[in-house]
Amino acid sequence: MASTLVSGHVIDERTSTGLRYLERKANSDTLTVFFHGLGLDATDYLGYLRRHDSHSIALNLRGYEPDGADGLPPVRLAAHIRMAAAFVEEVSRENADKKVLLVGFSLGADLILQLAEHWQSRGLAAPPIHAAVLLDPNVNQSTMTISRLFAEADPHDPVPAFKRLVNLAPDKDGFRSLCHYLAKVAPKDFGQLSQLSRDMITYWGPTGYDQFGTRLHNVTQVADHVRLVLSAAYREHLPAMDAAVRRCGDGDRISVELTQLDHFDLIGEETLARELAPFTG
């Protein structure tokens with residue numbers, strides 16, 4: 001276990017249920033668990049952990065640790081879900097006096113959808129979840145630009161896919177965001193990204209929004225509060241997303257905010273602080 005002292009507070013690196021994570025302990029009545037996006041890792045949430053005096057955990061999916069996967073064979077989506085579910089169940093038991101908040105960005109938001117599905121479809125008792133905050137979850141394959149590129153790439157030579165991704169940048173800000181993203185992704189084991197991308201493409205249908213409405217409904221069955229926070233690119237999807245949610249009878253149970261932010265800006269420390277404040281107190 002490694003520890004870092006930040007402004008008088010310790011952020012520990014720990015391992016539980018086979019997963020490594022960063023934890024900032026605090027005397028708060030909530031415990032926030034963060035799930036990262038495709039190819040990213042727990043360090044994306046360090047800004048929030050450093051500046052906010054609340055009990056928070058940023059989880060690394062297996063094979064996505066910042067220092068590499070040590071030759072681990074590609075982990076399938078089903079295994080990620082089982083490990084993440086076991087992790088949430090364990091930390092919830094260990095912190096039974098705290099309200100648990102799940103926060104997921106992009107693929108991490110999809111993981112929250114799948115955790116709810118895991119608990120619901122198997123008739124398992126989900127741990128008590130106070131709130132689930134989903135930042136840019138996918139709705140169908142039309143929102144899976146990066147996953148589609150990585151799924152189609154040669155697992156042994158991802159550079160052409162990286163170049164294609166950068167060429168999709170709409171402007172200088174988008175170019176900067178994608179370059180920053182690729183700087184984090186490039187050192188990782190691309191075999192892991194390739195496998196998970198293919199599995200996620202299989203999970204989502206090509207078009208339509210009812211699959212999203214149904215999966216979000218599962219989250220309302222395990223969490224007391226559900227919030228969607230969307231980047232500006234989701235404006236074109238929002239009417240159909242809203243209609244799908246209403247068909248599932250959840251129109252009044254889910255709060256939604258469409259921001260003017262870029263996709264990756266949703267995990268900025270200030271944005272996270274604003275969006276989580278109603279739940280963390």
So what is the accessible area of the range 101-154 per residue, in Å², with the probe set to 1.4 Å?
-> 28 Å²
In the chain, taking the dipole from +1 charges on Lys and Arg beta carbons and -1 charges on Asp and Glu beta carbons about the Cα centre, the listed residue (77, 54, 179) farthest towards the positive end is 77
Roughly how many percent of the accessible protein surface of the range 162-281 is carbon and sulfur, given a 1.4 Å probe and a whole-percent answer?
-> 52 percent
So how strong a dipole does the chain carry about its Cα centre when Lys and Arg Cβ are +1 and Asp and Glu Cβ are -1, to the nearest 20 debye?
-> 240 debye
Considering only the chain, percent of DSSP beta bridges that pair antiparallel, nearest 5 = 35 percent
Gaussian network model of the chain, Cα within-10 Å springs - most flexible of 13, 257, 236 | 236
Quick one: order 256, 166 from most to least accessible surface, probe 1.4 Å.
-> 256, 166
Of 232, 212, 192, which is farthest on the positive side of the dipole of the range 172-281, counting Cα position, with +1 on Lys and Arg Cβ, -1 on Asp and Glu Cβ, and the Cα centre as origin?
-> 192
Using +1 at the Cβ of each Lys and Arg and -1 at the Cβ of each Asp and Glu in the chain, identify which of 107, 245, 33 lies farthest towards the dipole's positive end.
-> 245
Debye, to nearest 20: dipole size of the range 151-241, +1 on Lys, Arg Cβ, -1 on Asp, Glu Cβ = 260 debye
If you count the DSSP beta bridges with both ends in the range 131-268, what percent of them are antiparallel, to the nearest 5?
-> 10 percent
Linear extension gain, residue 207 paired with residue 76, 0.36 nm per residue minus alpha-carbon span | 44.8 nm
Under 20 Å from residue 188, Cα to Cα: lysines that are on another chain or at least 8 residues apart = 163
Considering amide H positions built from the backbone, and no H for Pro or chain starts, which residues 5 or more places from residue 38, or on another chain, come under 5 Å of its amide H?
-> 107, 108
Taking 7 Å along the Cα-to-C-beta vector as the label spot, tell me the residue 53-residue 258 distance in nanometres, rounded to one decimal.
-> 3.9 nm
Rounded to a whole %, the carbon-and-sulfur portion of the accessible area of the range 12-106 at a 1.4 Å probe is 44 percent
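The values are calculated or read from the model by the stated rules, or taken from the named source; none is laboratory data. Model, not experiment: these values are computed from the prediction. We place every Cβ from the backbone using ideal geometry, glycine too, and count neighbours over all the protein chains shown. Each accessible area value is taken on the protein alone, full model and side chains, heavy atoms only, with ligands, DNA and RNA left out. Shrake-Rupley method; radii C 1.70, N 1.55, O 1.52, S 1.80 Å.
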